[in-house]
Amino acid sequence: MKKILKYLLYLIIAFVGFLVAMNLFVPVYIYDEPVPFHGDYLHNPYQDIDSTYWKCCNFHGHTRQYGGVTNGRNNGNAVYDSMYRLFGYDHVGISDYNKVNPYENGKDPGYIPGYEHGYNVWKTHQVCLGTKKVRRIDYFFYQTLSHKQHMLNKLGEQNKVVAVAHPSFVDGSYNVRDMKYLSNYKILEVLNGFVNSPEHWDMALSNGHLVYLIADDDTHDVLKVNDIALRITYLNAENNAADELYDALLAGKAVGIDFDLDRQEAMDHKVERFKRDIPYLYSARLDSVDFYVSVSKPIRKADFIGQGGTILKEEEYKKEDTVTNVFYSIQPSDQYVRTVLTFFDGTTMWLNPVTRHDSEVIVKQRLDHISYLWTSALWMIYIGIILLIIKLFVSIRKH
């Protein structure tokens with residue numbers, strides 16, 4: 001028995017050692033200073049949208065997998081699919097942990113293979129869409145900026161779209177300050193069923209990173225009224241084909257809806273209310289520097305937000321005014337302008353930003369570079385420490 005316990009202890013030590021080593025041997029990145037949006041050309045992702053093309057989508061949700069070890073609760077594949085179809089979703093995405101679920105393949109014409117990457121302590125996760133290969137490696141312990149950048153780079157090689165997932169979910173995951181330097185990703189999960197992350201988005205945008213939003217339920221139990229149809233992505237795509245959905249997401253032709261939640265509501269009533277009350281974007285057009293937004297239902301409040309999350313303009317309206325059109329005149333000092341509309345039932349609509357550039361040819365900045373000098377020096381130190389620990393361990397065993 002003692003011998004078995006000893007070998008078990010060695011096995012645990014070896015496994016923990018492997019996790020530690022995986023966390024240590026990551027390239028060290030250095031970063032250029034970010035350049036905020038600038039120039040005379042204003043880019044509006046919604047300029048030529050067709051308001052009849054909106055597709056209701058969820059990309060982040062979990063089914064019961066691994067014998068129920070991961071948190072999928074009651075979400076069998078068929079139940080998951082049928083509940084989202086009940087609400088009228090055009091695209092039902094499944095993002096199980098570190099595994100592509102093929103259930104929607106053949107059922108959803110726009111099937112997108114995807115998964116949620118990550119099993120680390122601080123939930124530094126990513127939603128991966130258009131997956132070619134599941135990346136099994138993750139950094140289990142605390143992640144530095146280099147860890148996060150390296151993972152985004154590697155995932156970007158294996159997926160068509162990589163979204164930073166729920167960055168506000170755990171303190172120590174993606175910190176707001178990280179977004180100043182992180183690059184080589186295009187989508188941020190600004191709205192999530194558990195937590196919204198506008199501060200992370202504004203930090204990225206304020207430092208010139210053209211990052212567009214995604215809104216997801218991150219559902220773990222579709223049979224609970226507070227776990228489904230909460231945060232919705234509407235994509236402006238002519239049809240449900242996967243390529244069209246990718247293109248719309250990456251081009252910023254998306255709006256995020258934070259649907260009003262009533263925790264005491266019956267599910268059938270929520271379905272009815274969802275289909276009746278969900279707001280739609282009719283248009284968001286630039287006329288020179290004037291940005292006009294038109295929606296399907298009366299607005300209670302319109303916020304136009306810019307650099308550093310500053311509210312550039314805030315307008316409040318009365319219900320009897322039935323205001324469905326708002327505008328903002330973009331000033332020369334405005335580097336970007338994003339819009340949030342609040343409706344009388346508490347639902348909000350989040351638009352992607354209008355951004356400044358030198359020309360119509362938009363080049364997204366890349367700030368990261370591997371420092372081979374610092375990487376080599378640090379790895380040599382780690383190897384020295386590991387050899388020293390092994391030497392001490394052998395010495396103790398001999399005695």
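The values are calculated or read from the model by the stated rules, or taken from the named source; none is laboratory data. Computed from a prediction, not measured in an experiment: that's the story for all the values here. Every residue, glycine as well, gets a Cβ built from its backbone with ideal geometry; the counts of neighbours run over all protein chains shown.
Out of the strands (runs of 3 or more DSSP E) lying entirely within the stretch 97-185, which hold 3 or more residues that are outside the structural domain of ARG366 (by TED's automatic domain parsing), among the small types (Gly, Ala, Ser) and more than 30 Å from VAL79 (Cα to Cα)?
none
Does PHE393 meet the test of being surrounded by 10 or more Cβ atoms within 10 Å (Cβ to Cβ) and within 33 Å of the chain's Cα centre (by Cα)?
no
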Hey, does the stretch 351-365 have a residue that's of a type in the set (Gly, Ala, Ser) and part of a strand (DSSP E or B)?
no
Going by the conditions given, is LYS186 in contact (Cβ under 8 Å) with a residue 40 or more places away in the chain and out of contact with any Leu (no Cβ under 8 Å at 6 or more places or on another chain)?
no
Tally time: how many residues in the stretch 226-269 are charged (D, E, K, R), assigned to a helix (DSSP H, G or I) and without any contact (Cβ under 8 Å) to a residue 60 or more places away in the chain?
3
Which condition does TYR115 not pass, out of (1) of a type in the set (Phe, Trp, Tyr); (2) at pLDDT below 95; (3) touching a strand residue (DSSP E or B) at 6+ places or on another chain (Cβ under 7 Å), if it passes all the others?
(2)
Options VAL121, VAL127, VAL134: the member that is β-branched (Val, Ile, Thr) and without any contact (Cβ under 8 Å) to a residue 24 or more places away in the chain:
VAL121
